Amino acid sequence: MLKVQSIWEADNNIRDFAGVTPILRSQALHSDLGIELLLKAENFQTTNSFKIRGASNCIIKQLKNTPNLQGVVTASSGNHGQAVAYVANRLGIPASIIMPETAPRAKVKAVSRWGANVEFCGTTSQQRLARSKEVALEKGYLEIPPYDHYDVIAGQGTIGKEILEQVPDVDIVMVPIGGGGLLSGISTLIKNLRPNVQLIGVEPENSNSMSVSVESGRITQLEKTHSAADGLLSLKPGSLTFPLVKKYVDQIMLVKESEIIDAIITCIKYFKTIPEPSGAVTTAAALKGDWGKDKKVVAVVSGGNFDMDKLPGFLRP
Ligand SMILES: *Cc1c(COP(=O)(O)O)cnc(C)c1O
């Protein structure tokens with residue numbers, strides 16, 4: 001299992017790359033809706049998502065053991081791919097990002113910007129994972145998985161440390177769930193230090209593999225997933241993240257697509273900030289819960305990478 005000590009070490013490893021993101025408050029929302037909702041704004045993080053934390057911890061740790069690392073590779077093309085490309089670029093090592101042949105141009109551009117080599121391979125995640133392993137073997141590159149790796153999870157856990165420092169009297173922390181790396185890192189740190197803080201994971205209704213797995217007591221694979229929250233579409237939890245979520249997380253909430261849209265509008269209206277759909281699910285869950293006026297709820301806004309040209313149509317479908 002993941003040790004809290006690994007998260008402290010991660011916190012030292014990542015600081016050339018990841019900043020301490022702000023906590024956003026809205027007195028008007030507290031007054032209008034009667035909940036004290038605070039946003040941990042990872043949409044302001046380097047490359048505009050928390051993924052830089054896990055990616056940089058993983059690469060920096062490896063460099064300590066293998067100073068002549070040949071390069072890094074990942075099969076993940078979204079925010080994780082961007083983070084890996086950015087860190088490799090800053091360190092002056094090659095990065096290969098394996099993408100589906102159908103990848104949107106915006107995603108290709110986002111990683112190419114950091115000088116990464118984009119390799120197109122098939123259309124399924126199995127094909128891309130297999131290719132990523134091949135590249136790792138052929139070229140001696142380090143493979144950086146998006147969530148199912150303790151160094152990645154420890155990196156994401158540094159958000160937990162920041163929340164406890166920035167909001168010492170926090171009562172409830174809400175975290176989005178994709179593969180579960182973000183939630184397992186944050187909950188490992190917070191539950192070990194402050195067991196009375198409630199940890200709540202949030203999934204879209206039609207991409208609920210973690211809640212299905214927790215309910216059945218074992219990792220369960222969905223046939224398909226569907227949501228505008230494209231960072232949360234894993235078919236099943238990770239083998240490392242699942243036991244951590246089962247051990248530390250108090251509750252998993254599900255949100256509807258329409259609630260995600262309403263949450264983005266609330267973030268704009270009250271907090272003057274724009275989360276991507278994956279980052280808005282926690283606000284959506286916070287807005288529909290009954291927490292009591294005195295409870296401090298921190299919602300992790302995990303990222304802000306959204307094709308802004310599509311925003312008006314998305315908000316008014
Ligand atoms: C990757 C990602 C998530 C999900 O994180 P996991 O560690 O896979 O659970 C949530 N939000 C955003 C914006 C992401 O990029």
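The values are calculated or read from the model by the stated rules, or taken from the named source; none is laboratory data. Just so it is clear, the structure is predicted and the values come from calculations on it, not from any experiment. Glycine gets a Cβ as well: all are built from the backbone with ideal geometry, and neighbour counts include every protein chain shown. Heads up: the accessible areas ignore ligands, DNA and RNA and are worked out on the full protein's heavy atoms, side chains in. Shrake-Rupley method; radii C 1.70, N 1.55, O 1.52, S 1.80 Å.
Yes/no matrix, rows are residues, columns are (1) within 15 Å of the ligand (Cβ to nearest atom); (2) in a loop (DSSP other than H, G, I, E, B); (3) modelled with pLDDT of 95 or more:
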{"residue": "Met253", "(1), (2), (3)": "yes, no, yes"}
{"residue": "Leu287", "(1), (2), (3)": "no, no, yes"}
{"residue": "Trp291", "(1), (2), (3)": "no, yes, no"}
{"residue": "Ala299", "(1), (2), (3)": "yes, no, yes"}
{"residue": "Gly313", "(1), (2), (3)": "no, no, no"}
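Does Ile14 qualify as being assigned by TED's automatic domain parsing to the domain that holds Gly179 and either touching a helix residue (DSSP H, G or I) at 6+ places or on another chain (Cβ under 7 Å) or open to solvent by 30 Å² or more (accessible area, probe 1.4 Å) (or both)? It is true that Ile14 is assigned by TED's automatic domain parsing to the domain that holds Gly179 and either touching a helix residue (DSSP H, G or I) at 6+ places or on another chain (Cβ under 7 Å) or open to solvent by 30 Å² or more (accessible area, probe 1.4 Å) (or both). Look at Ser76 and say whether it is in a loop (DSSP other than H, G, I, E, B) and small (Gly, Ala, Ser). Spelling it out, Ser76 is indeed in a loop (DSSP other than H, G, I, E, B) and small (Gly, Ala, Ser).
When every residue of region 20-28 is checked against the conditions, none turns out to be within 16 Å of the ligand (Cβ to nearest atom), in the same structural domain as Asp171 (by TED's automatic domain parsing) and of a type in the set (Lys, Arg).
Set side by side, the residues Val111, Val152 differ, and just one is on the phi < 0 side of the Ramachandran plot, in contact with a Gly (Cβ under 6 Å, 6 or more places away or on another chain) and without any contact (Cβ under 8 Å) to a residue 40 or more places away in the chain, which is Val111. With a requirement of 2 or more residues that are buried (at least 23 other Cβ atoms within 10 Å of the Cβ) and within 14 Å of the ligand (Cβ to nearest atom), the strands (runs of 3 or more DSSP E) lying completely within region 90-205 that satisfy it span 172-176, 198-204. Looking at the structure I just gave you, is Ser187 in the same structural domain as Leu37 (by TED's automatic domain parsing), of a type outside the set (Phe, Trp, Tyr) and without any contact (Cβ under 8 Å) to a residue 40 or more places away in the chain? For Ser187, the condition - in the same structural domain as Leu37 (by TED's automatic domain parsing), of a type outside the set (Phe, Trp, Tyr) and without any contact (Cβ under 8 Å) to a residue 40 or more places away in the chain - is not met. Residues that are of a type in the set (A, V, I, L, M) and within 16 Å of the ligand (Cβ to nearest atom) were ranked within region 262-274; the one that is most open to solvent (accessible area, probe 1.4 Å) is Ile274. Of all residues in region 21-28, one or more are open to solvent by 10 Å² or more (accessible area, probe 1.4 Å) and assigned to a helix (DSSP H, G or I). Per the conditions (1) within 27 Å of Leu287 (Cβ to Cβ); (2) within 16 Å of the ligand (Cβ to nearest atom); (3) not small (Gly, Ala, Ser), the sole criterion not satisfied by Thr46 is (1). Restricting Pro277, Pro243 to those that are at pLDDT 95 or above, open to solvent by less than 10 Å² (accessible area, probe 1.4 Å) and not acidic (Asp, Glu) reduces the list to Pro277.
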